[in-house]
Amino acid sequence: MRILIQKFGGTSMATEETRKNVVDKITEAKKEYDNVVVVVSAIGRLGAPYATDSLLHLVNYKNTLLSPKEIDLLMSVGEIISALVITNTLLENGIKACALTGGGAGIVTDNDFNNANVIDIKTEPIIKLLNEGIIPVVAGFQGATVENEITTLGRGGSDTTASLLGEALDADAIEIFTDVDGIMTADPRICKSAKIIDEISYNEVFQMAGSGAKVIHPRAVEVASRSGIPLIIKNTFNDSRGTSIKTFIKSERKKTIQDKLITSIAHKTNIIQFSIQGEIDDENFFTELANENVSIDIINIFPERKVFTIDDTCKNKVIKLINKYNAPYTFIDNCCKVTVIGEKITGVPGVMAKIIRCLSKSSVEILQTADSLSTIACLIKEKDLEIATEALHKEFMLG
């Protein structure tokens with residue numbers, strides 16, 4: 001029995017016209033697969049009446065007196081409305097369908113309201129519907145505790161719902177529908193030569209998300225990765241092939257990206273680099289930073305100097321703590337991190353040299369670097385972001 005999971009995002013749900021596209025995608029899938037399970041997000045984004053952020057604004061969320069359990073009741077509403085609307089639309093088109101809450105679909109979570117972890121999925125409700133030829137339309141982003149209290153799964157939760165159901169039902173594939181044609185080699189807003197990536201590995205998508213790229217939620221990729229189910233990012237509004245996220249073997253890798261070392265370039269802005277001179281108690285200092293919820297990105301520690309980067313929203317916290325240690329320091333704000341990503345760079349000599357040469361030729365100053373098995377990151381001035389991304393994109397022939 002071949003099963004496909006289809007998840008539709010908020011923009012896909014926004015209007016009667018866009019919902020017709022959703023029905024078309026489901027109808028096409030039914031021609032190829034024995035069974036289709038649909039997962040939906042809340043309709044639209046902030047400003048739309050049933051979007052999650054709009055619902056939170058109704059209760060002045062930052063200052064609300066509601067408990068986390070009550071907030072989950074509120075936040076679950078948007079997806080439930082979407083499930084009912086799409087179910088009704090399918091029924092109007094002669095397609096058997098049934099709306100389910102997350103809990104009704106068998107998703108069991110812990111009691112961590114607003115950011116619950118799924119502890120079990122009881123597939124019986126969905127299997128029963130599939131056996132009766134009915135399409136289950138599941139409200140994403142939510143589940144229920146063993147006491148049947150509604151919970152939500154945190155940001156990106158609808159993608160995670162789709163992956164979890166795919167794993168539990170041993171689906172053949174999971175399609176994530178949005179308003180873009182797929183994952184791109186770079187952000188098209190700053191790199192005009194960016195192109196759609198046909199195929200990419202789970203690990204590379206993890207690295208892209210961690211490096212600032214707006215792609216599928218990492219938790220959804222993690223679930224799909226452990227079950228080996230392909231995740232396909234598609235556009236609701238056209239027939240583009242999209243991007244397939246899966247595990248690669250070496251021979252297959254060569255066929256899919258023509259031996260290119262780099263798959264994509266990601267960036268993260270609003271970064272500050274701090275440099276502390278002299279000796280301080282490193283262990284206590286960085287422990288105190290962690291206690292203040294300051295996350296460090298790139299870090300280099302030398303006997304006489306510590307250099308690290310943080311998000312600019314934490315600037316005052318860091319300055320206050322450094323002053324406590326009476327340590328001389330400098331900082332550079334308006335920085336950004338540009339990261340080249342590719343599984344094939346592991347163990348390949350000369351990639352860093354190529355990046356340095358490319359950026360130097362483009363008169364882009366490198367302030368700091370960091371690398372892992374499949375990434376090399378450079379901290380640069382934010383004003384150089386577009387030049388650096390275009391230069392690296394061209395250097396590694398991503399266009």
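Whether a residue is touching a Phe, Trp or Tyr at 6+ places or on another chain (Cβ under 9 Å) and either touching a residue at least 12 places away in the same chain (Cβ under 8 Å) or part of a helix (DSSP H, G or I) (or both) was assessed, and residue 307 passes this test.
Within segment 1-34, take every residue that is basic (Lys, Arg) and open to solvent by 50 Å² or more (accessible area, probe 1.4 Å) and give me the one that is nearest to residue 135 (Cα to Cα). Quick ask: steps written out before the conclusion?
Within segment 1-34, the first condition is being basic (Lys, Arg), and the residues that meet it are 2, 7, 19-20, 25, 30-31.
Next, from what is left, pick out any that are open to solvent by 50 Å² or more (accessible area, probe 1.4 Å): 2, 20, 30-31.
Values: 2: 14, 20: 16, 30: 10, 31: 13 Å.
Residue satisfying both the conditions and the ranking: 30.
When you look at residue 109, is it under 24 Å from the mean Cα position of the chain (by Cα) and farther than 21 Å from residue 13 by Cα, yes or no? Talk me through it step by step, then tell me what you get.
Numbers: under 24 Å from the mean Cα position of the chain (by Cα): yes; farther than 21 Å from residue 13 by Cα: yes.
So residue 109 passes the test.
Every condition in (1) surrounded by 17 or more Cβ atoms within 10 Å (Cβ to Cβ); (2) out of contact with any Lys or Arg (no Cβ under 9 Å at 6 or more places or on another chain); (3) modelled with pLDDT under 95; (4) not β-branched (Val, Ile, Thr) is met by residue 142 except one, and the failing one is (3). Of the residues making up segment 105-131, those that are over 30 Å from residue 67 (Cβ atoms) and surrounded by 14 or more Cβ atoms within 10 Å (Cβ to Cβ) are 123, 126, 127, 129, 130.
Would you confirm whether any residue within segment 335-354 is within 18 Å of residue 379 (Cβ to Cβ), open to solvent by 40 Å² or more (accessible area, probe 1.4 Å) and touching a residue at least 12 places away in the same chain (Cβ under 8 Å)?
Pass one, segment 335-354, residues within 18 Å of residue 379 (Cβ to Cβ): 335-341, 351-354.
Still in the running and open to solvent by 40 Å² or more (accessible area, probe 1.4 Å): 352-354.
Subsequent filtering for residues that are touching a residue at least 12 places away in the same chain (Cβ under 8 Å) retains 352, 354.
Looking for residues that are within 18 Å of residue 379 (Cβ to Cβ), open to solvent by 40 Å² or more (accessible area, probe 1.4 Å) and touching a residue at least 12 places away in the same chain (Cβ under 8 Å), one finds at least one in segment 335-354, hence yes.
Whenever a residue of segment 49-77 is farther than 22 Å from residue 9 by Cβ and assigned to a loop (DSSP other than H, G, I, E, B), its partners that are open to solvent by less than 20 Å² (accessible area, probe 1.4 Å) and at pLDDT 95 or above, lying with C-beta atoms within less than 8 angstrom and at least six residues away or across chains, give the pairs 59/71; 64/71.
Which of the residues spanning segment 299-317 are surrounded by 11 or more Cβ atoms within 10 Å (Cβ to Cβ) and closer than 19 Å to residue 367 by Cα? Please lay out each step first, then the result.
First, the residues of segment 299-317 that are surrounded by 11 or more Cβ atoms within 10 Å (Cβ to Cβ): 299-301, 305-312, 314-315, 317.
Those that are surrounded by 11 or more Cβ atoms within 10 Å (Cβ to Cβ) and closer than 19 Å to residue 367 by Cα: 299, 300, 301, 305, 306, 307, 308, 309, 310, 311, 312, 315.
Restricting segment 203-217 to residues that are open to solvent by 10 Å² or more (accessible area, probe 1.4 Å) and free of Cβ contacts under 8 Å to residues at least 60 places away in the same chain leaves a set whose member that is nearest to residue 247 (Cα to Cα) is 206.
The values are calculated or read from the model by the stated rules, or taken from the named source; none is laboratory data. What you are looking at is a predicted structure, and each value in this text was computed from that prediction instead of being measured. Cβ sites come from the backbone with ideal geometry, for glycine too, and all protein chains shown count toward neighbours. These area figures cover heavy atoms from the full protein model, side chains too; ligands, DNA and RNA do not enter into them. Shrake-Rupley method; radii C 1.70, N 1.55, O 1.52, S 1.80 Å.
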